[in-house]
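In what follows, a structure is listed as structure tokens, so that the remarks can point back to it.
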Amino acid sequence: MTRIVVIGAGVMGASVAYRMTLAGASITVLEAGRIGGGTSSCSFAWTNSNSKTPRAYHELNVAGMKAHAALADELGATPWWHGGGNVEWTLPEQRATQQANVERLQSWGYAAEWITPAQLLELEPDIDPALIGDAPIAYFPEEGWLDPVVYVAAMLGAARSHGASVISGVSVSESVVRGGRVTGVKTADGRLFEADMVVNCAGRWANDPVSDAGLHLPLAPTVGFLVQLIKNTSLASIIGLVELSRRAQLVNGATYAPFVVYGVTALLYFCLCFPLTRFSRTLERRRAKA
């Protein structure tokens with residue numbers, strides 16, 4: 001029987017463990033923290049192929065949607081997958097793009113349709129119709145979302161039922177290499193886990209178990225993406241401010257003073273993002289020293 005050590009008990013590690021136990025392998029999963037508590041816990045986990053181009057990438061995502069739906073039946077009643085579809089309406093300046101996207105999806109055989117406000121309220125009765133106005137409403141009935149932590153637990157539970165061993169709170173510190181191939185791993189508490197194959201599913205920490213073996217995976221965690229998130233999305237409005245770029249457009253339309261309006265907007269973005277950037281660098285330095 002092939003012995004396989006899987007590093008990391010997130011979605012990827014759990015998927016590997018589950019499928020390899022079904023194939024007859026002896027599986028040991030090692031997780032440094034809590035099950036599903038790393039990269040997988042941060043996923044938006046939207047099962048869709050809504051804006052995925054080119055066509056080959058779109059079809060890959062459609063195949064993933066179908067696989068998740070099939071796996072929901074395979075794993076039983078554990079409530080990790082949630083269907084129900086996705087509804088979408090946009091600002092006036094984005095409606096041409098929305099129209100083109102729906103037409104493209106329909107031409108590719110993707111479930112996409114236009115619905116009325118009455119149909120929307122049947123799906124989501126708590127939505128205030130006044131917020132929608134006369135905006136066209138698109139509906140994508142086959143889309144859904146999943147709870148990654150429950151998903152991981154369901155797959156690992158199924159893997160355990162087929163003989164897999166799952167150990168949490170164990171950090172892999174070193175990969176053991178003999179004869180030019182990885183033959184096992186050592187943990188921070190000194191234990192050795194020998195294997196015929198080691199599968200590294202440690203996400204953004206994937207470099208940690210292999211660096212001592214002369215390998216290098218440039219996946220050092222950074223927090224700088226938070227700055228881009230505030231700059232490029234409406235997150236600023238969620239944390240208590242208006243969506244600055246949109247408000248700047250409205251004010252400029254009323255005042256016809258673009259240099260003043262967009263200059264002030266740029267200054268506000270700088271005041272938001274520069275402290276976050278400095279703080280991010282401090283965290284990254286501390287992480288590198290640790």
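Counting only residues that are over 21 Å from residue 44 (Cα atoms) and over 23 Å from the mean Cα position of the chain (by Cα), segment 125-157 holds 13 of them. Exactly one residue out of 117, 129 is touching a residue at least 12 places away in the same chain (Cβ under 8 Å), loosely packed, with under 11 Cβ neighbours inside 10 Å and in contact with a helix residue (DSSP H, G or I) (Cβ under 8 Å, 6 or more places away or on another chain): that is 129. Of all residues in segment 35-46, those satisfying the criterion of being among the hydroxyl-bearing types (Ser, Thr, Tyr) and either surrounded by fewer than 19 Cβ atoms within 10 Å (Cβ to Cβ) or assigned by TED's automatic domain parsing to the domain that holds residue 83 (or both) are 41, 43.
Counting only helices (runs of 4 or more DSSP H) that sit wholly inside segment 63-170, those with at least 1 residues that are closer than 30 Å to residue 16 by Cα are 148-161.
The set of residues in segment 171-209 that are of a type outside the set (A, V, I, L, M) and assigned to a strand (DSSP E or B) comprises 173, 174, 175, 178, 181, 183, 184, 186, 187, 193, 194, 200. Identify, please: which residue in segment 93-114 is touching a Pro at 6+ places or on another chain (Cβ under 8 Å) and hydrophobic (A, V, I, L, M, F, W, C) and is, among those, surrounded by the fewest Cβ atoms within 10 Å (Cβ to Cβ)? For segment 93-114, the residue satisfying everything is 114. Taking the conditions exactly as written (out of contact with any strand residue (DSSP E or B) (no Cβ under 9 Å at 6 or more places or on another chain), part of a helix (DSSP H, G or I) and either surrounded by 17 or more Cβ atoms within 10 Å (Cβ to Cβ) or free of Cβ contacts under 8 Å to residues at least 12 places away in the same chain (or both)), does residue 56 satisfy them or not? Yes, satisfied.
Here residue 63 clears all of (1) more than 30 Å from residue 183 (Cβ to Cβ); (2) in contact (Cβ under 8 Å) with a residue 12 or more places away in the chain; (3) hydrophobic (A, V, I, L, M, F, W, C) except the condition numbered (2).
Against the list (1) in the same structural domain as residue 162 (by TED's automatic domain parsing); (2) of a type in the set (S, T, N, Q); (3) modelled with pLDDT of 95 or more, the condition residue 61 fails is (1).
Evaluating residue 124 against the criteria (1) modelled with pLDDT of 95 or more; (2) of a type outside the set (S, T, N, Q); (3) within 30 Å of residue 95 (Cβ to Cβ) leaves one unmet condition, (1).
The values are calculated or read from the model by the stated rules, or taken from the named source; none is laboratory data. Computed from a prediction, not measured in an experiment: that's the story for all the values here. As a convention, Cβ positions derive from the backbone with ideal geometry for all residues, glycine included, and neighbour counts pool all protein chains shown.
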